[in-house]
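Undergrad: Shown below is the structure under consideration.
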Amino acid sequence: MPDATALNFGPLLGQAARAGRSRVRYREGKALLTRARSRTCTRPDGNFDSAGLAHRWATVAVAGTGLPDGVRDRAAGAIEADTTIILAEAHGDLAALCGAQLERTIWAGTGGNYALRAIGLEALRRGGEVIRFAHGGAAGLDDYLCIGSFIDLLPSSRFVVATDALAGVVAHRRRAIGSPSWATADIAGGGGDPVFRAVPARNAGSGGSRPRVLYVTTLFTGAAQHLPPTLPDALYYDWQLRLLESLQGLPFDVLVKPHPENLVLWNRQPLGERAVCDNRLFRTALAEADVLLFDFTLTTAFWEALCSDRPVVILDPAGERLNPDLAGLFDARCRRVPVSHDDRNRPVVDREALAAALAAAALRPADPMPFRALLAGDA
């Protein structure tokens, strides 16, 4: 008999499974939820007032926003209508899952995945154990532990990050800002994330007469949105075009590394007609770059870059926050160029400051070892 059921597959989870200390079987989370929906089961907690809870949530959501009365009321009405439907569906799925056959121990990825979260909550209700494995690298390195607590700690018994060292960083930040009473999951370290261990620490660069700058962009989200939010697509695309225009005429060869999932959502790369795009694997493109330019840090590519010796320059048009406890590490590893806003509230960057940062970054390789110790488990 298996000791645990894995609901999805990720690098840290797979590494733990291959270690062989537990017998783990795989049951795809979404398929398990779909099968559970075909059965009827009444949850022990009885009736659930989704409309009442949605009304309370909508009231809280618009409080203190400063919106005019009419706009605030319409916003509250829209939030309440959507939330009523969402909560009713979620309660129905939890009711269906109470009849599902589950092992006592569940292994899974992010609690931001609907099926993985629902199954995990049902396992916890039964007194079981839910072990979630971090993905992407940002856990503990960004400054969004409150969001992460809701997404990953609330529906978990244990949350596994890349290394013991990174687990210590998370624990320290948790003590510093205070942990919500409902986020009781233990934080544990893995044996190093295979994704970051596979990044070469030393890379050759372009070997060209002019430094090659690889501008690494993030996903155009369409009607969806990240949490924390990124720039809306129209504003982000405008920012990218103006940034590329600023880079024209500077003594660099500029390539764009677009997010590969743009092809899934849009069937094309939006910048493909306006810039030279490098559509190879990021690790391959990184190895041949002399400087990496990021305008979004909450992405696996950013943490891969920090595990290499390629110099990094950061622009921050959306205002992402990195862990202030690690400010010294980030300052030593990355150069930052301030982003301001024009009279139309569009993000803008000073061209001369950007050129100076890129030129200085291109002078010498960076030291990847502090971040490799946190993410890859390298000594």
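Undergrad: Could you please rank I177, I119, I314, placing first whichever residue has the fewest other Cβ atoms within 10 Å of its Cβ?
TA: Working: I177 11, I119 28, I314 21.
Neighbour counts put them in this order, fewest first: I177, I314, I119.
Undergrad: Kindly express, to the nearest 10 degrees and within the range 0 to 90, the angle between helix 351-361's C-alpha long axis and the longest C-alpha principal axis of the chain.
TA: So the inclination is approximately 90 degrees.
Undergrad: Run the simple label-point estimate for R346 and R125 please: 7 Å along Cα→C-beta, distance reported in nm.
TA: The answer from the label model is 5.0 nm.
Undergrad: Whose amide H sits under 5 Å from the amide H of C277, counting only residues 5 or more places off or on another chain, with H placed in the peptide plane?
TA: V256
Undergrad: Using the 10 angstrom Cβ neighbour count as an exposure proxy, how do L235, L219 rank, fewest first? Walk me through the numbers before you get to the answer.
TA: On the way: L235 16, L219 20.
Exposure proxy ranking, most exposed first: L235, L219.
Undergrad: Multiply the residue gap between D3 and R242 by 0.36 nm, knock off their C-alpha separation, and tell me the result in nm, one decimal place. Mind dumping the intermediate values first?
TA: Details: separation 239, 0.36 × 239 = 86.04 nm, distance 5.43 nm.
That pair, D3 and R242, stretches by 80.6 nm at full extension.
Undergrad: Continuing with the same structure: Which whole-number percent gives the relative contact order of region 4-194, counting Cα pairs below 8 Å spaced six or more residues apart? Intermediate values should be presented prior to the final figure.
TA: On the way: 291 pairs, mean separation 43.5, N = 191.
Normalised by residue count, the contact order of region 4-194 is 23 percent.
Undergrad: When the chain is fully extended, how far beyond the present Cα-Cα distance does A171 get from R274, taking 0.36 nm per residue of separation? Can you show the working numbers first?
TA: On the way: separation 103, 0.36 × 103 = 37.08 nm, distance 4.45 nm.
Full extension from A171 to R274 adds 32.6 nm.
Undergrad: Taking 0.36 nm per residue of sequence separation and subtracting the Cα-Cα distance, how much length would be gained by fully extending the chain between R364 and S209, in nm to one decimal? Don't skip to the answer; put the middle values down first.
TA: On the way: separation 155, 0.36 × 155 = 55.80 nm, distance 1.47 nm.
Residue separation times 0.36 nm, minus the Cα-Cα distance, leaves 54.3 nm.
Undergrad: If I take every Cα pair under 8 Å that is 6 or more residues apart in region 166-310, average their sequence separation and divide by the length, what percent do I get for the relative contact order?
TA: Values: 158 pairs, mean separation 52.0, N = 145.
Normalised by residue count, the contact order of region 166-310 is 36 percent.
Undergrad: Roughly how tilted is helix 164-177, in degrees to the nearest 10 and between 0 and 90, from the longest Cα axis of the chain?
TA: The angle comes out near 80 degrees.
Undergrad: Let me ask you something else. Quick check for you: which residues of region 173-206 have the amide N under 20 Å from the point 7 Å beyond the Cα of R18 toward its beta carbon?
TA: Counting backbone N atoms under 20 Å from the label point, the list is 189-201.
Undergrad: Report, in degrees rounded to the nearest 10, the 0 to 90 angle that the Cα long axis of helix 233-247 makes with the longest principal axis of the chain.
TA: Its long axis makes an angle of about 20 degrees.
Undergrad: Using the Cα centre of region 158-255 as the reference point, and only Cβ charges (+1 on K/R, -1 on D/E), how large is the resulting charge dipole? Debye, rounded to the nearest 20.
TA: Details: 9 positive and 7 negative charges, 70 e Å.
Using Cβ point charges on Lys, Arg, Asp and Glu, region 158-255 gives about 340 debye.
Undergrad: From the square roots a ≥ b ≥ c of the eigenvalues of the alpha-carbon gyration tensor of region 131-190, which class results: rounded (a/c under 1.5), prolate (a/b over b/c), or oblate?
TA: Working: a/c = 1.42, a/b = 1.14, b/c = 1.24.
Rounded, because the longest to shortest axis ratio a/c is under 1.5.
Undergrad: Counting pairs of alpha carbon atoms under 8 Å apart in space and at least six apart in sequence, what relative contact order in percent does the chain give?
TA: Working: 645 pairs, mean separation 58.5, N = 379.
So the answer I get is 15 percent.
Undergrad: For region 157-198 and region 131-147, what is the separation of their Cα centres, given in Å?
TA: That distance is 8 Å.
Undergrad: Which of the three applies to region 4-194, rounded, prolate or oblate, going by the alpha-carbon gyration tensor with a ≥ b ≥ c and a/c under 1.5 meaning rounded? Could the numbers behind the result be given before it?
TA: Numbers: a/c = 2.45, a/b = 1.28, b/c = 1.91.
Taking the square roots of the gyration eigenvalues as a ≥ b ≥ c, region 4-194 is oblate.
Undergrad: Moving on to the next point. Considering only C-alpha atoms, what is the centroid distance from region 78-123 to region 300-379, in Å?
TA: One Cα centre to the other: 37 Å.
Undergrad: To one decimal place, what Kirkwood hydrodynamic radius in Å is obtained for region 208-342 from all pairs of distinct Cα atoms? Before the final figure, lay out each step's value.
TA: Working: mean 1/r = 0.0643 Å⁻¹.
Roughly 15.5 Å, rounded to one decimal.
Undergrad: Okay, moving on. Sort K30, K257 by Cβ crowding within 10 Å, fewest neighbours at the top.
TA: Details: K30 14, K257 22.
In increasing order of surrounding Cβ atoms, one gets K30, K257.
Undergrad: Of [x] 40.6; [y] 21.4; [z] 25.0, which is the value of mean projected area of the Cα convex hull in nm² derived from the coordinates here?
TA: [y]
Any read-out appearing in this document is the output of simple, stated calculations on the displayed coordinates, not a laboratory observation. Since we're looking at a predicted model, the values are computed, not measured. Cβ coordinates were reconstructed from backbone atoms using ideal geometry, including for glycine residues, and neighbour counts include every protein chain displayed.
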